[in-house]
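Throughout, read-outs are computed from the coordinates displayed, never taken from laboratory work. None of these values were measured; they are calculated from a predicted model. No Cβ is skipped: glycine too gets one built from the backbone with ideal geometry, and neighbour counts run over all protein chains shown.
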Amino acid sequence: MIPHRTPTRSAASVVLTTAFVALAAASIGCGGGSSTTTTSGPVAVFTPDPLPGTVALLAGSTSGASVDVRVTVTGVTSFFGAAFHISYDTTALQFNGMTTTASFLRGGGVADANLFFFEEHASTPGEIVITATRVDPTVAPPVDVTTTSDLLVLNFTARKTIAVAAAAGRLDFGDPKQVCDGTVVASECNPIAVTWSGGGVSATQ
């Protein structure tokens, strides 16, 4: 859940004051392959789940063992912010970081002071805690997301060969996870019901 700090604070603080559970990523590593003439690492590809979802992981760009995974939103009215966990296998994937430059939350020229992006992956192996939200709904109101749009992008490196649909390549949304519309009900944000859809990374030599 995304608790509200005090009754007098704006709904923006609802997402900002999320009780983050510290989660972590694994150490750096990368697998390799060889032939009689060259040596190269795995080539990674992300495959989204076939089920439709309003908050979903979709494939982004790839470069060798590096793969971008887009956290996307589709068909959500009054999207103000979200907080969620993403789980992954540290023996197969290395998490490198989060990019928010193309986030739809920046639409309309919203200043950085009215945005809050946070990721924590240094405390519990195999989980990333993420918050992405606007700060003050009176200055930067909620967004009606009609077409599939990027909330943020995550980058991973495949550390070894991963078969298509293998458990080692799974990326899944974990609890607690919530989307809010920028208003407050009692001591919490007003949640929006969404479907969360993960996927998996595969990597070949």
11 Å beta-carbon shell around ALA65, net charge (K/R +1, D/E -1): +2
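What ranking of LEU58, LEU171 emerges when the number of other C-beta atoms within 10 Å of each C-beta is taken as an exposure proxy, fewest first?
With the sparsest Cβ surroundings first, the list reads LEU58, LEU171.
Hey, what did the stretch 91-199 get for relative contact order, percent, Cα under 8 Å, at least 6 apart?
Answer for the stretch 91-199 is 30 percent.
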